[in-house]
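Heads up, the thing below is written out as structure tokens.
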Amino acid sequence: MIDTYSFGEWVKQRRQSMRLTQREMAAAVYCSVAMIKQIEADERHPAVEIAQALTACLFVDAVSPIAVD
């Protein structure tokens, strides 16, 4: 069975596995701690620039841009 996660859940899980605090991640992607909390709680979707910075911070190879409908 494949578990599915929301983007926020994935960000939180990946951040915790890398032993980063929300404050450290916010500093790395140049946004507020409040924004990181909102993204992880799925209360807010990040702008493309923030999503790209998150993928870089979390060591994810962002080969192609995410399509937005």
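The values are calculated or read from the model by the stated rules, or taken from the named source; none is laboratory data. Treat the numbers as computed from the prediction; the structure is a model and nothing was measured. Here the Cβ positions follow ideal geometry from the backbone for every residue, glycine too, while neighbour counts run over all protein chains shown. Accessible surface is based on the protein model in full, side chains and every heavy atom, while ligands, DNA and RNA are left aside. Shrake-Rupley method; radii C 1.70, N 1.55, O 1.52, S 1.80 Å.
The lone criterion from (1) modelled with pLDDT under 95; (2) open to solvent by less than 40 Å² (accessible area, probe 1.4 Å) left unmet by Ala26 is number (1). Answer with yes or no whether Ala56 is out of contact with any strand residue (DSSP E or B) (no Cβ under 8 Å at 6 or more places or on another chain), modelled with pLDDT of 95 or more and small (Gly, Ala, Ser). Taking the combined requirement at face value, the residue does not satisfy it. Being out of contact with any Asp or Glu (no Cβ under 6 Å at 6 or more places or on another chain), modelled with pLDDT of 90 or more and not acidic (Asp, Glu) is a description that does not apply to Ala67.
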